[in-house]
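Each value in this text was obtained by applying a stated rule to the coordinates, not by laboratory testing. From a predicted model like this one, the values you see are computed outputs, not experimental measurements. When we count neighbours, we look across all protein chains shown, and the Cβ atoms used for this are built from the backbone with ideal geometry, even at glycine.
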Amino acid sequence: MAGFFDQLTQQDTDDEAEKERDTEAGDQEELVQPESPDANRTPARLREAAQELLKYGLLEEERKPNLYRLVTTHAAEIEAILEPLDLALGVDDVRGLAYVVVRQGEVTEQDDWSHPLVRRQRLNLEQSLLVAILRQHFVAHEQEGGTGAGGALVAIDDLIPQIQVYLGDTGSDARERNRILALLEQLKGHGLVSAPDQHERVTVRPIIAHLANPENLQALLEWLREQTGGQSKEDQEGETPEGDQ
């Protein structure tokens, strides 16, 4: 899934929003009247919505409301487009999010990931830690404002000491800021955060609730235990003294 997340810019978002406002009035007409000469072809706006979904891997109602509405109200048609590609449509209507997922039945083992259109991108330790921290901020924001509350803003200055807890202090304020900015830029490429605003804050995107789910965070915790020489509870329970073997 991460392979779909190309880098987004605010200008691109503004341009797309303007384009959608200009074309909203003609959406339903195009869906009712397929374009000629091939009357059996998928309507143009549905094709555009499916292409946008495949390009970025997701559609947010807040950013592209018209395309999001098309995808969610014509979910069956979008599923029909994705099905031959072994992909499926996921919808989080509370958070206003539509996203592409690989059909689980086509992937038997997580380590045997194989899909011609989806390139697995593994996050490194620093990126994974920052994702976990950002998810904490996102969850706290939703606990305060309710599930689906938009505008989960986090100040960059608040993230620096939190990442230092795990990665240590480099001894240079400039290096610390450059490190966090570089990590945020990398996660922006995965669609997890926005670019920093004029107040040095980033918006945590709702897709983080699905990419950084409890199962993935537990896997990160287990990996950290292994790296620090610790053992998971399951490993400890499964141990037997050498003399008993």
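Just a few scattered comments:
- The modelled label-to-label distance for the pair Glu83/Tyr166, using points 7 Å beyond Cα in the direction of Cβ, is 4.0 nm.
- Most to least packed among 80-87, 144-151 [average Cβ atoms within 10 Å]: 80-87, 144-151
- Shown is the FRET efficiency for Ala76 and Ala195, computed with R0 = 45 Å from the Cβ-Cβ distance and rounded to the nearest 0.05: 0.80.
- A full extension of the chain between Ala155 and Asp93 corresponds to an added length of 19.6 nm, given 0.36 nm per residue minus the alpha carbon distance.
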